[in-house]
Amino acid sequence: MRATPADCGRFADLLDALADEELAPGMAAALRDHLAACPACAAEAAAIGALRAELATLRDEAAPEALRQRLAAMLRDDAPTTATPDRRRLLALTAAGVGGIAIGAGGFGLLHDSRPETIAHDLLTAHARALLAGAPPQIASGNTHQVRPWLSAHLPVAPRVPETEDFPLLGARLDLIGRRPVAAILYRRRAHAITVFATAEDLAQDWPSRPMTRNGFQLLPWVADGIRYVAVSDLNPGELAMLAERIRAPGP
């Protein structure tokens, strides 16, 4: 059976329910038939399963109180006023509520669409979630020859992952931005955590295209080799631009 765009639209919002075993038997069987015929939806279903499995390994570690309050304020203040929860994102964000942090729906509510402001909120939330969780990256390494192949094995892109003394490479993980799995490359500058998100440029048309500041956090976008990057950190813009130049430069 050949999958059609109409089938994809019909089944796209049922993938989470299938993972949670919440569908009626007939609908579940129809969705599994669709997945067998549609590589794109099957890949998204696999990404959901992989994310759920990874989130299940997160440890409950309390973040410092000052950091929790700052991130809570950032997420609350930056949330779009017309936000409606996207269930897949809420799954990830629920797992991020470690350390007994109670952040209301107004803080973690996200729009279902893909406007640049909403994607910016997704990027900020993903960065904050990792800080709050305190979990190690999926690939913990400072060696580009370990991190980059791991990313290219899990994603259709191979982002640049340079090693630099000024910005130690910590590793990488997968994240969901705009309902798509993307690379999240982790760096550090003194006490500042930096997440560099990356995906194919043709999949990032709604990602931010200009620098943004949200509640003291910087979002710095650029494009190199057909890949769009966005660096997110509370590091000052000048130093964050230094890391962007290192990643943009030819090399690994």
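The values are calculated or read from the model by the stated rules, or taken from the named source; none is laboratory data. Being a predicted model, the structure only gives us computed values, none of them experimental. Here the Cβ is made from the backbone with ideal geometry for all residues, glycine too, and neighbour counts use every protein chain on show. Only protein heavy atoms, including side chains, enter the accessible area calculation; ligands, DNA and RNA are left aside. Shrake-Rupley method; radii C 1.70, N 1.55, O 1.52, S 1.80 Å.
A few points about this structure:
- Restricting attention to the stretch 177-192, the residues that are open to solvent by 30 Å² or more (accessible area, probe 1.4 Å) and in a strand (DSSP E or B) add up to 5.
- Sole residue being under 30 Å from Ala40 (Cα atoms), out of contact with any strand residue (DSSP E or B) (no Cβ under 7 Å at 6 or more places or on another chain) and charged (D, E, K, R), chosen from Asp175, Asp122, Asp206: Asp206
- Any chance Thr195 is open to solvent by less than 60 Å² (accessible area, probe 1.4 Å), in contact with a strand residue (DSSP E or B) (Cβ under 9 Å, 6 or more places away or on another chain), touching a residue at least 60 places away in the same chain (Cβ under 8 Å) and assigned to a strand (DSSP E or B): yes
- Residues located in the stretch 125-149, provided they are surrounded by 20 or more Cβ atoms within 10 Å (Cβ to Cβ), assigned to a helix (DSSP H, G or I) and modelled with pLDDT of 90 or more: His127, Val147, Arg148
- Across the stretch 150-163, the number of residues qualifying as open to solvent by 30 Å² or more (accessible area, probe 1.4 Å) and not hydrophobic (A, V, I, L, M, F, W, C) comes to 4.
- Of all residues in the stretch 223-240 being part of a strand (DSSP E or B) and either open to solvent by less than 30 Å² (accessible area, probe 1.4 Å) or of a type in the set (Ser, Thr, Tyr) (or both), the one that is nearest to His154 (Cα to Cα): Ile227
- Restricting the stretch 164-176 to residues that are touching a residue at least 40 places away in the same chain (Cβ under 8 Å) and more than 24 Å from Pro39 (Cα to Cα), the residue that is most open to solvent (accessible area, probe 1.4 Å): Asp166
- In the stretch 198-222, the residues that are under 15 Å from Val182 (Cα atoms) and assigned to a strand (DSSP E or B): Ala198, Thr199, Ala200, Pro221
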